[in-house]
Amino acid sequence: LIEWRQHPNGRVSYGRINAAISGDVPEPSTYAEAINGPNSEEWKRAMDEEIAAQLSNGTWELAKPPEGTRLLPCRWVYKVKRGADGGIERFKARLVAKGYEQRAGIDYGELFAPTTRSASLRALLAVAATKGMPIHQLDVSTAFLNGELEEELWMQQPPGYESADPTQACRLKKSIYGLKQAPRCWYVKLVAALDKLGFKPSQADPALFIKKDENGIVDLLVHVDDIITTSDDEELIRKVKEAVGKVFKIRDLGEAKVFLGMEISRGENGEVKLSQRRYIEELLQRHQLVDAKPRSTPLPPGSKVLPAEEGDMELKDSSDYRMLVGELNYLATSTRPDIAQVLSVLARFMGKPSKSHMGLALGVLRYLAGTRELGLCFGGAGEFALEGYSDSDWAGDPATRRSTTGYVFKLGGAAISWNSQLQRTVAASSVEAEYQATSAAVREALWLRKLAGDLDLGTGAIGIWTDSQGALSLGNNPITSVHSKHIDVQHHLVRERVSRGEVVLSYCSTEEMVADVLTKALGEIKFKRCREAMGLAE
């Protein structure tokens, strides 16, 4: 859906509107659009709340900047916040500095600030589902405004809220959204505050904070200003929310429903479902495929996707293709491992996509049209053990003859980590391709092993299943032969970690190989079997 906008100065612009279940609500791109367009009262109220928060926080002080001072410009950003059902929760306005005009070494120094991995969230939900732990959510209001600045920065006055003296400017005392160093300032402040409350960052994920004492264990998973917390004692969760609320201004959202666009729902027996139904419906509406005929698989079975050939026209404007692949990739890396393989393939043609590539990408949407209710379902019956599957498709890429690595790790009945990726070098044999895939799976297993220890799941060996007897022999025994002497040393970490007892390699038949769906386009029967084995269900 495209919105036509007429600006006060006569200029015309076009902006994409986010479709929503309860109707289309345009999000302004400028201050003038906000106060002159539809829902102007709501946007004005949202801006007033933002300015009030800035002033009460002491983010800046108005003063005359020294002569020659470079002022950072700023702008308003508008967003309609929605709930799990698609209904409007609130109108949100954010004052943002144009940090892209900052100068390295003058206006900012170190920038790195960690955010949580999706696998950490899925692992935490798997633990909570299996142990019947409540899952609650917090939102830190104006989180970045809590960070302390080390540099002296001056910013222009906010549009629509200028003082009577035009020579004054905002001398920033705390960080503000848009500054390059704002995420790091906020993370440093958050770590210091949580440390006083007894929380320590996880060794595996620095955005996962854990508190262990005689009363029990509380986990906090942080993504910028969104926090998920869980514990086996709901009273501990209440006390933690109360303690965090004394340090930062928070909104207690109760039981977690929506986190980073992912919907979290709880079943009658305590199982937890992580899905993105509403996001898929928005994509279908945006690309006018709501009533499209569904497909049974993301790619036709046995498909080999090639670069644009003679007679296959290149797209004149590849931005639509790149945007669609990016939108789908968020699904593939968050809640839908069943489309990870096709997205790995389509992403190889971002530079010069053709009409046939665009047709395949739209075909993925048609597959999603019939499976929009699918999500990862954690908990329920079954053994609570962390296990992985590793597979490869030897020389599967027709353009480079490189192989595809695929692995998936399951916990609590569903996938918590997966990958589908083209290998960096050409494998001389199927055994070498499988061994490279196993090496990648072992590296992920070592990280998951640390995470499991932090989540109090133990640090025992993680089992990895492979359907290659040759790769299994290479991993378990110091074999050197004409078929294996050329294999890079980096892949022999498999053998080292097996000998240390950190991972255990086992054989499974190709029919039982769950990771097969991450290496190539499968037929409908095998595809659905793998999809179900990864814990995807309605």
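The values are calculated or read from the model by the stated rules, or taken from the named source; none is laboratory data. All values derive from a computational prediction rather than experimental measurement. Here the Cβ positions follow ideal geometry from the backbone for every residue, glycine too, while neighbour counts run over all protein chains shown. To get the accessible areas, we keep the full protein, side chains included, count just its heavy atoms, and leave off ligands, DNA and RNA. Shrake-Rupley method; radii C 1.70, N 1.55, O 1.52, S 1.80 Å.
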remark   = Between the modelled labels at D139 and K79 (7 Å from Cα along Cα→Cβ) the distance in nm is 0.9 nm
inquiry  = Hydropathy at least -1.0 by Kyte-Doolittle, axial extent at least 18 angstrom from the Cα trace: which helices of the chain, defined as entire DSSP H runs, fit?
reply    = 118-131, 182-196, 234-247, 319-334, 355-369, 430-454
key: Length gained when the stretch F112-D320 is fully extended (0.36 nm per residue, less Cα-Cα span)   = 71.8 nm
remark   = Across the range 252-392, qualifying lysine pairs (alpha carbons under 16 Å, at least 8 places apart or different chains) come out at 4
ask   = Extension gain R348-E41, at 0.36 nm per residue separation less the Cα-Cα distance, in nm?
value = 105.9 nm
query = Just how many % of Cα pairs in the range 202-291 lie over 19 Å apart, if you round to the nearest whole percent?
reply = 54 percent
remark   = Checking rank on 55-67, 175-187, with mean other Cβ inside 10 Å and highest first, the result is 175-187, 55-67
ask   = Mind listing P(r) for the chain? All alpha-carbon pairs, 10 Å bins, whole percents.
value = 3, 16, 23, 25, 20, 10, 3, 0, 0
remark   = Within the chain, the percent of DSSP beta bridges that are antiparallel, given to the nearest 5, stands at 85 percent
ask   = Stretched out fully, how many nm does the piece from R500 to I88 gain, at 0.36 nm a residue minus the Cα gap?
value = 143.0 nm
remark   = Rh_Kirkwood(the range 46-145) over Cα pairs, Å, one decimal, evaluates to 17.9 Å
key: Cleavage-rule hits (trypsin sites (Lys or Arg not before Pro)) in the range 379-414: DSSP loop, at most 15 neighbouring Cβ within 10 angstrom   = R401
request  = Beta carbons within 10 angstrom, averaged per residue: use that to sort the peptides 95-103, 259-267, highest first.
outcome  = 259-267, 95-103
remark   = Here the net charge surrounding E101, from other residues whose Cβ is less than 15 Å away from its Cβ (Lys, Arg +1; Asp, Glu -1), is +3
request  = Any aspartates and glutamates with Cα under 18 Å of the K92 Cα? List them, leaving off those in the same chain fewer than 8 positions away.
outcome  = D24, E27, E33, E41, E42, D48, E49, E50, D139, D225, D226, D252
key: Proximal charge balance of R266 [Cβ under 14 Å; K/R count +1, D/E count -1]   = -2
key: Centroid-to-centroid separation of the range 120-149 and the range 219-279 [C-alpha atoms, Å]   = 5 Å
request  = Take the alpha carbon atoms of the range 421-482, find their center, do the same for the range 343-376, and report the distance between the two centers in whole angstrom.
outcome  = 29 Å
note = Residue-normalised value, i.e. accessible area per residue, for the chain at 1.4 Å probe, in Å², stands at 46 Å²
ask   = What FRET efficiency would be calculated for the residue pair H223, D48, taking the C-beta separation as r and a Förster radius of 25 Å, to the nearest 0.05?
value = 0.35
query = Where the accessible area of the chain is counted over protein heavy atoms with a 1.4 Å probe, how much of it, in %, is carbon and sulfur?
reply = 50 percent
inquiry  = Can you classify the range 331-403 as rounded, prolate or oblate using the Cα gyration tensor, where a ≥ b ≥ c are the square roots of its eigenvalues, rounded means a/c under 1.5, and otherwise it's prolate if a/b beats b/c and oblate if not?
reply    = oblate
task = Taking a cut-off of 17 Å between Cα atoms, list the lysines near K98, but don't count ones fewer than 8 places away on the same chain.
result = K173, K174, K180
request  = Please tell me which of these pairs span more than 31 angstrom C-alpha to C-alpha: K64/K246; K44/K246; K79/K520?
outcome  = K64/K246; K79/K520
